[in-house]
1. Please pull out the direction-averaged projected area of the range A:189-265, using the convex hull of its alpha-carbon atoms, in nm² to one decimal place.
2. Tell me, what is the FRET efficiency for A:V253 and A:D158 to the nearest 0.05, using R0 = 22 angstrom and their Cβ-Cβ distance as r?
3. At a threshold of 8 angstrom on Cα-Cα distance, excluding pairs fewer than six apart, so keeping six or more, what relative contact order does the range B:5-122 reach in percent?
4. Once you average over the residues of B:35-45, how many Cβ atoms of partner chains fall within 10 Å of each Cβ?
5. Provide the per-residue ³J(HN,Hα) series for the range B:53-67, in order, calculated from phi with Karplus coefficients 6.51, -1.76, 1.60 and θ = phi - 60°, each as a whole number of Hz, with x at glycine and proline positions.
6. Mind checking the full-extension length gain between A:E262 and A:E364? Use 0.36 nm per residue of separation minus the Cα-Cα distance, one decimal, nm.
7. Could you check the simple spin-label distance between A:Q110 and B:K121, using points 7 Å along Cα→Cβ, in nm with one decimal?
8. Assuming a ≥ b ≥ c are the square roots of the Cα gyration tensor eigenvalues, decide whether the range A:2-112 counts as rounded (a/c under 1.5), prolate (otherwise, with a/b larger than b/c) or oblate.
Amino acid sequence: MKVYMDNSATTQMDKAVLKAMLPYFNKQYGNASSLHQMGREARKALEKARSDIAKTINADPEEIIFTSGGTESDNLALKGVAAANQGKHIITSKIEHPAIMSSCNTLSKQGYKITYLNVDSCGIVDLKQLEKEITKDTILVSIMAANNEMGAIQPIEDISEICKKHEVLFHTDAVQAFTKVPIDVKELNIDLMSISSHKIHGPKGIGALFVKKGTKIKRQMDGGGHEFKLRAGTENVASAVGFAVAANLDPKVKQIKELQEELIKRIEYDIKDIKLNGPRKQRLCNNVNFSFKFIEGEALLMLLDQKGICISTGSACASKSLEPSHVLISMGIDPVTSHGSIRFSLSKFNTRRELDYVVRNLKEVVEKLRRMSPFKGDKDIKIKEKEWEC
Amino acid sequence: MEYNKRIIELFTNPKNMGEMKDPDGVGKVGNPICGDVMHLFINVKDNKIADIKFKTFGCVAAIATSSIVTELAKGKTLEEAEKITNADVAKALGGLPPIKMHCSVLAQQALKAAIKDYREKKTK
Ligand SMILES: Cc1ncc(COP(=O)(O)O)c(C=O)c1O
Ligand code: FES
């Protein structure tokens, strides 16, 4: 049996999306900037896609800038706003995606001061700290709408209110939250928002940045005047069409949430010495993140992979840098527990039968690894601080 | 992570995994913060490693290297076993991903520590 539960990494493209895209590869393949009939056809499809996406978040079509994905949208938001506004201070959080973290890192080298807000043990951003950290020099607050690793939904309504009060721009990375959490950019007073297609059963390589009318921002990709002069490059019409179809599919949040609750319940019932990472309530409908004590995540991932189960891990041993997940660490989860963390991320395509299969096999492989582990209880784990350098 | 077939096979079905009753020497190395802790137990007869067992908390490579080091050491004299290097461990596995080389160091250190422990106990 093959079970795909890594939908926060990427999703299966929906059949309806694929079908809608196909004509734009070899029949209506015109360049949306061409003036002839083929170009006009492509333009029409592109603008319909733009307006179909805009509708889902109550934005105006001209506020949707197509990009190559969530990463580019995040880069454009941060670097673009920094370049177009006076002020040298940006506030973000300790649990952001590398697209934000790394953009902030670049900006900090250019002389910007970056404040990384703390989160509580559930992974929710500290609003009091946000109030305190805003200064006259602050130009932008960028806080994700929901976290990709442990699913914490952030209080973006409150964050936006604080930003408005202090007249600071607010960007949110909604790559994981989009379609799963209702977002009305007007009601929530959001200035910029990143979304991505491949997380919602659309094609890879396309996303968008919502930019509220009047927001000062400088483009980061030089070239032609595409995308309201904010993102040069021949428009990716087929993908934009696919993205728009995906954004308007029934997200089946209730169905996914039921599976999620069942999975959490069954794991907690069947396996001991575990910890649910992230909040119980304010949680994305598709995220299940557990730490299994006394064992390591890469080993767990590999044994599950051998059973055909695709998941991901926050273990340091599985990362390119051998660093534990910055998200789990910032929640105060100790490095040992974070080693044993794995993430299941569900989609509408997962079934109860798959869930049964996963729980049964998870139990088996956790037991197998625990038989190999020198640890049987917390007292066995002796942390030697000095040897931190690994 | 790209592991070769041999590593995956040993990780899935490790040799000499488990505890040992009354070991003659025990080597405990690693740090749970780094994600790898290895316990190695040896039984010595006529200056040779007659039996050897391991328990490991760690990644795929850590478990595979634990397994291979027990196989390399078993039946060897203590002097021979001591000479096993981390390069030997990696070679016996058919190569480790560069980022995982440190796991092979751990295996070699665990073996050394177990032999040292045996000798210390004997001289007491
Ligand atoms: C929260 C978040 N932001 C940004 C991204 C990057 O999106 P993309 O893969 O479309 O570049 C991801 C996807 O991994 C994400 O989860
Ligand atoms: S145990 Fe962490 S990399 Fe091998």
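Read-outs throughout are calculated quantities, based only on the coordinates presented, and are distinct from any laboratory measurement. Owing to the predicted nature of the structure, the values given are computational and were not obtained by experimental measurement. Heads up, the Cβs are rebuilt from the backbone with ideal geometry, glycines too, and the neighbour counts pull from every protein chain shown.
1. Details: hull surface 28.9 nm².
If you wrap the Cα atoms of the range A:189-265 in a convex hull and average its projections, you get 7.2 nm².
2. Numbers: r = 22 Å, r/R0 = 1.00.
In this case the efficiency is close to 0.50.
3. Working: 227 pairs, mean separation 36.8, N = 118.
With pairs under 8 Å counted, the relative contact order is 31 percent.
4. Values: counts 16, 5, 9, 1, 3, 1, 0, 0, 0, 0, 0.
That works out to 3 on average.
5. Each residue's phi maps through the Karplus curve to give 9, 9, 9, 9, 9, x, 7, 3, 5, 5, 6, 5, 5, 4, 4 Hz.
6. Working: separation 102, 0.36 × 102 = 36.72 nm, distance 1.85 nm.
Value of the extension gain: 34.9 nm.
7. 6.3 nm
8. Numbers: a/c = 2.59, a/b = 1.49, b/c = 1.73.
Cα axes put the range A:2-112 in the oblate bin.
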